Amino acid sequence: MELLAISGSPSSPSKTVLALSVALARGGEHEDVHTDLFDLREQELVFSDGRDPADYTGATRDAIDRVVAADALLVGTPMYRGGYTGRLKNLFDVLPNDALAGKPIGLVATGGTDHHFLALEHELKPLVGFFRAWAVPGAVYANNTHFSGGELTDDGVRGRLHDLADAVVTFARHMPVVAGPAAPDIPRRSAAES
Ligand SMILES: Cc1cc2nc3c(=O)[nH]c(=O)nc-3n(C[C@H](O)[C@H](O)[C@H](O)COP(=O)(O)O)c2cc1C
């Protein structure tokens, strides 16, 4: 099983990457689970321009292929202005509509304070819902006080990240890929065709 963690943080070092790494390490303790961290800060993706996802090339093509190849995912973002980052949004904008269909996704967010905890429910869950992915119940949110000296130091958050990783792996192992009905095709027309 390929477990891919995607970080939408543009920062280095990144609390989001720290949190995802804790969950990813736990996921990797399960038998036959291969883990991979996809740090969007390190990728030179082009900005989505509305083309058919099949026509992206280079690093953007590689990013799409990496997401499509994953069996299960962890998706993490810092809160930016009460929502997920533009960098993460851009990745989702270049993905084909069926890239995540039927796959389990564990959601992680970090923020300065707890004020934006519910953005996990109101922003990230609808996003993965569009892709007909399964958002594993019980997303994990960490605030600045949970980190110290470049480490995630809060045992409660660490435990919740372990539980999230366990749930994602268990879900992927025991659920067949069930995605439900496909969405209607979204027409893509170039300006020349309009
Ligand atoms: C541009 C910007 C916007 C931010 N907006 C919020 C916000 O709306 N709510 C919040 O709790 N924290 C906000 N923060 C703080 C970050 O979400 C927080 O420090 C996060 O843990 C950073 O994660 P990272 O180290 O992975 O980038 C913001 C930080 C930046 C740089």
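The values are calculated or read from the model by the stated rules, or taken from the named source; none is laboratory data. All figures in this text were calculated on a predicted structure; none of them were measured in a lab. Note: ideal-geometry Cβ built from the backbone for every residue, glycine included; neighbour counts use all protein chains shown. All accessible areas refer to the heavy atoms of the entire protein, side chains included, with ligands and DNA or RNA removed. Shrake-Rupley method; radii C 1.70, N 1.55, O 1.52, S 1.80 Å.
Worth a mention:
- Beta carbons closer than 7 Å, at least 6 apart along the sequence or on distinct chains, never pair a first residue in the range 21-41 that is at positive phi with a second that is of a type outside the set (A, V, I, L, M).
- Tally of residues being closer than 19 Å to F131 by Cβ, open to solvent by 40 Å² or more (accessible area, probe 1.4 Å) and assigned to a helix (DSSP H, G or I) across the range 162-184: 1
- Scanning the range 72-85 for residues that are within 15 Å of the ligand (Cβ to nearest atom), more than 18 Å from F147 (Cα to Cα) and either of a type in the set (V, I, T) or under 13 Å from the mean Cα position of the chain (by Cα) (or both) gives L74, V75, Y84, T85.
- The range 4-59: number of residues that are out of contact with any Asp or Glu (no Cβ under 7 Å at 6 or more places or on another chain), closer than 19 Å to A167 by Cβ, of a type in the set (A, V, I, L, M) and more than 16 Å from the ligand (Cβ to nearest atom): 2
- The one condition in (1) modelled with pLDDT of 95 or more; (2) open to solvent by less than 50 Å² (accessible area, probe 1.4 Å); (3) over 16 Å from V168 (Cβ atoms) that D62 fails to fulfil: (2)
- Subset of the range 104-121 (residues that are surrounded by fewer than 23 Cβ atoms within 10 Å (Cβ to Cβ) and within 13 Å of the ligand (Cβ to nearest atom)): G111, G112, T113, D114, H115, H116, F117, L118, A119, L120
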